[in-house]
Each structure stands twice: as C-alpha cells, then as structure tokens.
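Just so it is clear, none of the values below were taken in a lab; they were calculated from the coordinates. Everything numeric in this text was worked out from a predicted model, so none of it was measured. Heads up, the Cβs are rebuilt from the backbone with ideal geometry, glycines too, and the neighbour counts pull from every protein chain shown.
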Amino acid sequence: MFKQLDVDQIDSVQIILDGQPLQVSKGITVAAAVLSNNYRYTRTSPVSNSKRAPFCMMGVCYDCLMVIDGKANQRACATYVQNGMQIDRQQSVGPELGANQ
Ligand code: FES
C-alpha cells in the first residue's frame, strides 16, 4: 500500500515507534511513517479491543489515534514526524492524561 523512498536519498528523521528506532522521511505524517514501515494498526478499540488503522488520512475518522510524546489520543494522520519523537500504538483509551508527563 505505502512504500517509502530509499531513506539514504532523502532528508530523514529518527523516530521511536513502540520502542524501535526508525529512520523515516522528513515531512511525512506519523500515520504515513507507521504504514510505510509495515505496522498494520495504530490503536486498539476500547470497546472490542479490535485493531484499528488509519482510514481517512485527513483527520476525520479518528481511527489513527496514537500516543505521541506521552500524549494519548493524538491523530497520527494530522501529526508530522519530528526527530526523536516517541510514538506508541495506543491500547484502548491510552495512558491517563498527564500520567507520562
Ligand atoms: S486516519 Fe482518519 S483521523 Fe487519522
């Protein structure tokens, strides 16, 4: 579905995704980084525990919620990667607000 260009040929940043360091293209969204690195989901549903993945890619469906730099419920499709960004797939409702700050 998504294929990232060769990172050696473009400006890149390092993110930490579920504890794994990844080099990704500068200027892409977190959702694009997740999908292009073959992660199949971004969160689990608090109701059914089913795995959910980015759908609309434009900030409308909220299926791409992730924990970004310790903040839960961040839309991965509306957030650009930053060097050193810590990103975790969100389990259920995520950590309590402020719990990681
Ligand atoms: S993919 Fe729909 S809000 Fe992010």
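Could you point to the residue in Ala72, Asn49, Val93 farthest towards the positive end of the chain's charge dipole, with +1 and -1 charges on the Cβ of Lys/Arg and Asp/Glu respectively?
Positive-most Cα among the choices belongs to Asn49.
Can you give me the distance in nm between label points at Ala78 and Asn49, each placed 7 Å from the Cα along the Cα-to-Cβ direction?
Using points 7 Å along Cα→Cβ, the separation is 3.0 nm.
Check Arg43: other-chain or 5+ apart residues with amide H under 5 Å from its amide H, H built from backbone geometry?
Those qualifying (amide H under 5 Å, at least 5 residues apart or on another chain) are Arg52, Gln90.
Among rounded, prolate and oblate, which fits the range 15-101 when a ≥ b ≥ c are the square roots of the eigenvalues of its C-alpha gyration tensor, a/c under 1.5 means rounded, and a/b larger than b/c means prolate? Walk me through the numbers before you get to the answer.
Values: a/c = 1.59, a/b = 1.19, b/c = 1.34.
The shape class here is oblate.
What is the spin-label model distance, in nm, from Lys26 to Asp6 if the labels are put 7 Å beyond Cα along the C-beta direction?
Calculated label separation equals 1.9 nm.
Suppose the chain between Cys56 and Ile16 were pulled fully straight at 0.36 nm per residue; how much longer would it get relative to their current alpha carbon spacing?
Stretched fully, the Cys56-Ile16 segment lengthens by 12.0 nm.
Residue-wise, which Karplus ³J(HN,Hα) couplings in Hz belong to the range 22-30, taking 6.51 cos²θ - 1.76 cosθ + 1.60, θ = phi - 60°, and x for glycine or proline?
Residue by residue, the range 22-30 yields 9, 8, 10, 4, 5, x, 9, 7, 4 Hz.
Under a Cβ-only charge scheme (Lys and Arg +1, Asp and Glu -1), can you give me the dipole magnitude of the chain about the Cα centre, in debye to the nearest 20? Intermediate values should be presented prior to the final figure.
Details: 9 positive and 8 negative charges, 68 e Å.
In debye, rounded to 20, the chain gives about 320.
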